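> What follows is a single structure, and I will ask about it in a moment.
The values are calculated or read from the model by the stated rules, or taken from the named source; none is laboratory data. Bear in mind the structure is a predicted one, so any value in this text is a computation, not a measurement. Cβ atoms come from the backbone with ideal geometry, glycine included; neighbour counts cover every protein chain shown. Heavy atoms of the whole protein, side chains included, go into the accessibility calculation; ligands, DNA and RNA do not. Shrake-Rupley method; radii C 1.70, N 1.55, O 1.52, S 1.80 Å.
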Amino acid sequence: FERKEKPVVISPDTTPLTLATPLKPPPRPWTRVLADRFALRFEYAGAITWRKHWIALLKQAWKPALATLGLFIASIIILLGVTSLPPTAGLGTLVVMLVCALWFLWEFIDWGNDIYMVTKERIVDLERTPLGVIQRSVEAPLTAVNNVSYRQPNILYVLLGIGEVLIETAGQTGQLIFLWMSPPAQVANEISQYVERARERQRLLQRAQQRADMFNWFGAYHEYLEEDDRLRRRPSPDESDDEPNQVGA
């Protein structure tokens, strides 16, 4: 079962457009930062950021998660004396569990650092390591986006409400694919709205530039007419030479 790509219907947006430079947003409280760390979607300073679905995290970190849980249960059983193993074995199991927990934490941070973002001007696909080193960064201006669609490859994707969002762009960027998006239709629709707003701002800027060019042209033409009129009213050299002779006669 393969879900075909669906066109995205852009819902009307009544948000007023402005060309003014926005003020720098205030710093976020640590509770908001912590909540955004676990969120699949969060919005801040006019930009929307998405993360891959929790299934992507489970696919990436199920081994350390399962190992941590199993070693924790084993250490509790050993420390309670249920088995004939000495307590030192339980402590050793706890140490190994701690290592697996750090492994899971590494995978969790790595999952959280892979983000997709749309701002007022650009669309971004960013991957970073848990240490903050950028592994891959692909971005394109919103005005270069030609088409936004989504697909759900099989019935399981449909039931889980996840899918891939495809962004076709002009130039060298080509196609951007947002993987494990939930829900994909909403993500595609929000990106389309941002694209339309960016194009509208570009149209407004072009109209303002055209008006400014027209005013400059009329100003230059008006100066040309004034200069031409001044030259026409200026007496010619022959007429200026004849005036003294006429007065002397």
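> Evaluate E = 1/(1 + (r/R0)^6) for R197 and L94, where r is the Cβ-Cβ distance and R0 equals 45 Å; express this FRET efficiency to the nearest 0.05.
Details: r = 54 Å, r/R0 = 1.20.
That gives a FRET efficiency of 0.25.
> At what distance in nm do the modelled label points of W106 and M214 sit from each other, each positioned 7 Å from its Cα along Cα→Cβ?
6.4
> A further question follows. What full-extension length gain, to one decimal in nm, is calculated for K120 and R41 as 0.36 nm per residue of separation minus the Cα-Cα distance? Write out the running numbers ahead of the final one.
Working: separation 79, 0.36 × 79 = 28.44 nm, distance 1.65 nm.
Length gained, K120 through R41: 26.8 nm.
> When the Cα centres of the range 67-119 and the range 143-199 are compared, how far apart do they sit, in Å?
Cα centroid of the range 67-119 versus Cα centroid of the range 143-199: 37 Å apart.
> Starting from the range 81-168, pick out the chymotrypsin sites (Phe, Trp or Tyr not before Pro) whose DSSP state is loop and whose Cβ has at most 15 other Cβ atoms within 10 Å.
Working: sites: W103, F104, W106, F108, W111, Y116, Y150, Y157; in loops: none.
When the chymotrypsin sites (Phe, Trp or Tyr not before Pro) of the range 81-168 are filtered for loop state and at most 15 Cβ neighbours within 10 Å, nothing remains.
> Hey, any idea what % of the range 45-92's accessible area is carbon plus sulfur with a 1.4 Å probe? Intermediate values should be presented prior to the final figure.
Working: 2160 of 2790 Å².
Its accessible area is 78 percent carbon and sulfur atoms.
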